[in-house]
Amino acid sequence: MSTTTVAAPLTIEDAEALVTAARRAAEAADVTVSVTVLDAGGHLLAFRRDDRAVLISGETSTRKAYTALQLNAPTADLVDAVQPGGLFHTLPTALDRPLLFIAGGVPVHRDGRLIGAIGVGGGAPEQDHGFATEAVKVLA
């Protein structure tokens with residue numbers, strides 16, 4: 001008989017902790033952002049847009065989270081892959097659900113398993129990536 005360890009799913013409490021941590025990191029940098037947290041199935045668990053954040057940041061944060069989840073990789077690591085000649089050059093336009101290859105999306109793992117993703121939009125891509133990466137540390 002074999003036993004398989006199943007990682008606990010991302011909870012609403014986890015999602016709220018991720019949003020809070022990302023927003024705190026952004027506030028410390030004086031950047032207004034939107035933060036999206038998706039579960040392993042790509043379903044929205046939490047979303048928050050600072051009332052001063054640019055409106056499109058809500059959409060970009062969600063697309064970044066979805067991209068990180070689907071490819072199980074930080075979007076910052078995928079930017080070169082969609083450039084002409086890159087492995088995923090046509091991928092952003094090949095699917096019904098739009099992917100976004102801009103830094104700011106980070107997969108969330110527990111016990112080595114993918115359990116969701118966070119996306120941050122509103123700052124410079126490198127800033128968004130930093131805020132998302134900082135947030136994921138709260139679940140470690």
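The values are calculated or read from the model by the stated rules, or taken from the named source; none is laboratory data. In this text the structure is predicted, and so the values were computed from the model without any measurement. Here the Cβ positions follow ideal geometry from the backbone for every residue, glycine too, while neighbour counts run over all protein chains shown. Side chains included, ligands, DNA and RNA excluded: accessible areas come from the protein's heavy atoms. Shrake-Rupley method; radii C 1.70, N 1.55, O 1.52, S 1.80 Å.
The protection proxy used here, the mean number of other Cβ atoms lying within 10 Å of each residue, ranks peptides 63-70, 12-19 as follows, highest first: 63-70, 12-19.
Given their separation in residues at 0.36 nm each and the Cα-Cα distance between them, Val79 and His43 gain 10.6 nm when the chain is fully extended. The packing ranking of peptides 81-88, 118-125, highest mean first, is 118-125, 81-88, where packing means the average number of other beta carbon atoms within 10 angstrom of each residue.
With the highest mean first, a sort of the peptides 127-133, 42-48 on other beta-carbon atoms found within 10 angstrom per residue produces 127-133, 42-48. The fraction of accessible area contributed by carbon and sulfur in the chain is 53 percent, rounded to a whole number (1.4 Å probe; ligands and nucleic acids excluded). For the chain, the mean residue ellipticity at 222 nm estimated from helices alone is -11000 deg cm²/dmol, where every DSSP H run of n ≥ 4 contributes -39500 (n - 2.57) and the total is divided by all residues, rounded to the nearest 500. Across the options Ala21, Thr67, Ala103, the greatest Cα extent toward the positive end of the charge dipole of the chain (unit charges at beta carbon of Lys, Arg, Asp, Glu) belongs to Thr67. Summing charges over all other residues whose Cβ lies under 12 Å from the Cβ of Leu139, with Lys and Arg as +1 and Asp and Glu as -1, gives -3. Among residues other than Thr60 with Cβ under 15 Å from its Cβ, the summed charge is +1 (Lys and Arg +1, Asp and Glu -1). Ligands, DNA and RNA are left out, and with a 1.4 angstrom probe the accessible area of the chain is 54 Å² per residue. Largest first, the three principal axis extents of the alpha carbons in region 46-140 are 36, 36, 24 Å in whole numbers.
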